[in-house]
1. Using a 1.4 Å probe on the protein heavy atoms only, what accessible surface does B:PHE59 show? Give it in Å² to the nearest 10.
2. Once you charge only the Cβ atoms, +1 for Lys and Arg and -1 for Asp and Glu, what is the size of the charge dipole of chain B about its Cα centre, to the nearest 20 debye?
3. Under a crude label model (7 Å from the Cα following the beta-carbon direction), how far is A:ARG180 from B:ALA71 in nanometres?
4. Counting only GluC sites (Glu not before Pro) that sit in a DSSP loop (anything but H, G, I, E, B) with at most 11 other Cβ atoms within 10 Å, what is the longest stretch of chain A containing none of them?
5. Counting DSSP beta bridges with both partners in the range B:113-272, what percentage is antiparallel, nearest 5?
6. May I ask for the percentage of alpha-carbon pairs in the range A:1-114 that lie more than 21 Å from each other?
7. Among B:LEU325, A:MET309, A:GLY279, which residue has its Cα positioned farthest towards the positive end of the charge dipole of the protein assembly as shown, with +1 placed on the Cβ of Lys and Arg, -1 on the Cβ of Asp and Glu, and the dipole taken about the Cα centre?
8. Between A:ALA3 and B:ALA57, what is the label-point separation in nm under the 7 Å Cα-to-beta-carbon projection?
Number of protein chains: 2
Amino acid sequence: MRANIARLQQVCDRAGIANRPHIKTHKSPEIARMQIAAGAVGIACQKLGEAEVMADAGFDDILICYNILGAPKLRRLRALAERIRLTVACDSAVTAEGLSRAMAGAARPLDVLVECDTGRRRAGVETAQEAVALATRISSLPGLEFAGLMIYPPVGGAEETSRFVAAVREGCAGHRLEVRTVSAGGTPNLKEIGLLEATEYRSGTSIFNDRDMVACGAAALDDCALHVYATVVSKPSPDRCVIDAGSKTLTSDRPSLGGHGHLVDYPEAKIFQLSEEHGVVDLSGCERRPEIGEIVRIVPNHVCVVVNMFDELVAVEADGTARRLPVAARGRVA
Amino acid sequence: MRANIARLQQVCDRAGIANRPHIKTHKSPEIARMQIAAGAVGIACQKLGEAEVMADAGFDDILICYNILGAPKLRRLRALAERIRLTVACDSAVTAEGLSRAMAGAARPLDVLVECDTGRRRAGVETAQEAVALATRISSLPGLEFAGLMIYPPVGGAEETSRFVAAVREGCAGHRLEVRTVSAGGTPNLKEIGLLEATEYRSGTSIFNDRDMVACGAAALDDCALHVYATVVSKPSPDRCVIDAGSKTLTSDRPSLGGHGHLVDYPEAKIFQLSEEHGVVDLSGCERRPEIGEIVRIVPNHVCVVVNMFDELVAVEADGTARRLPVAARGRVA
């Protein structure tokens, strides 16, 4: 994990882009502190509740990469904006108007990034014209400051994204609006960081990496820092065993990877079926096979959702000393 | 939910089979208490940690449907067996021997059920001969009492299961071993309860039901008692909106259902893609469409894993009064 922290910082440094790690993967103030110590300028959170936990832990520069809507959350957002340097994403006038109402009478404006869809087809305005229009709207609303753009380019999408960003810059310039920040993100596309017209980068998964990151070439198996430890609880036949890690541990994410995790010490084994607390493993390809009671290590398919299952991680140092790390920002409803 | 509790009890009563609801779905002592009040004889848990929480809450007849292995867990199991009427499943001599060591010197023996695989190909001994051999082994070990069988028949598997159970009964009789308990389970196959040679039944999902239970004919949409409330946070195009419920809320379970949940008020909408905190919804089939900021209700694909994501449920009575229900047995590692 420490190597992954250093590597991400190095990649950002080389590209001359600020590192703003996304804490959704680890949800741990202690890990975020290591990332800041390595050179990160601040952190990104996906939920208001995560940002609150991180602010309570002393982080004072947070981007919430999400449209915040609804009076209860907007009240909490305002309270958070009073105590830290907060930036928030927005992709509609409805969101912007809510943010503005929430910030009424605030001493300083809230920094707002226009979320742009540059190919993922998730959230975000779909055209540069819409982005410019929303930027103009934000800058006209009391309590808000248009601070730039938030993008989440798909793998291979750097060129299209750069064209999009350039068009928005040009359009904004025509309205005398500065695009101060361009916040890009994603671990699989981190390799394209140099091709992006970004000022900062959000990477979450790279803190641990996982089977998905190995499959897409963003990491090697040795870069996978988080292991699920499971016990072989049953071996009904020589070709099949059952581990006590099911969908309430490994989750059903990324089924297209074929199998629900990689058994480090039995690489030919395949977790082919999950119940909630059972992982059923095909051992037919294995020369050596685990015994009942044996503890096996698993690199999960998608580490972000696995960490989210647990209240604690166990951090193991190189010298073998271990300690508990609370997943402090887990379990926030919104 | 109250109707679902009554219905399960009725189904069991009609079949003359004891009701032992599985708490893995709700993980709530308060809900389990309602099930006991309706007539359940005890509860089933999937993990030792769940059973400990339930014992702390006053439940004194618990079946742990799982092979418990490893010294730390066996110590906890022994402690639990000292204070409640505990039964535990076992499908190998390795597990049985561990249980026996753990129970050394205990005042009363631990009831052990032989887990039989009658078609699910998960855990469980695969033949009646193996079951009889393990029953014999268990009854020979100090601190243990062979109490019967645990089965988890697949849908349509009642006949095969009954043959299996009958063969084990016969084999056990030859060794003067009584098969006192036959614990069957599963919500989709609850309709076959009358065809099983069972003495008790474990149903978990029926407490709430979900999209999967509707798809397999075990419940109607109106029987789905748990809704996820999500907010529409983005509407990038008329045909697509984004809700703040992603794979960290709805989970990726049951992808074969097509879509990751049912929007109650927009039945033609399809949640076609999940990120961790985004659900992307195809609205192209909808005449009426939700607006940004609107709160939508979702019946999840698989309710058991969704409840497991949260520390609390909100219980709403028929008169509209609402209160928080802690998911008290969530987050236990083992």
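1. My reading of the accessible area for B:PHE59 is about 20 Å².
2. Values: 39 positive and 42 negative charges, 157 e Å.
With Lys and Arg at +1 and Asp and Glu at -1, about 760 debye.
3. Result for the modelled spin labels: 5.9 nm.
4. Working: sites that count: A:GLU287, A:GLU291, A:GLU317.
Longest run free of exposed loop sites: A:1-286.
5. Values: 3 of 14 bridges.
Bridges in the range B:113-272 that DSSP calls antiparallel: roughly 20 percent.
6. Details: 2446 of 6441 pairs.
The proportion of pairs with Cα distances above 21 Å equals 38 percent.
7. My answer, from the dipole projection, is B:LEU325.
8. 4.4 nm
The values are calculated or read from the model by the stated rules, or taken from the named source; none is laboratory data. What you see is a predicted model; the values in this text were computed from it and never measured. Reconstructed Cβ throughout: ideal geometry from the backbone, glycine too, with neighbour counts over all protein chains shown. These area figures cover heavy atoms from the full protein model, side chains too; ligands, DNA and RNA do not enter into them. Shrake-Rupley method; radii C 1.70, N 1.55, O 1.52, S 1.80 Å.
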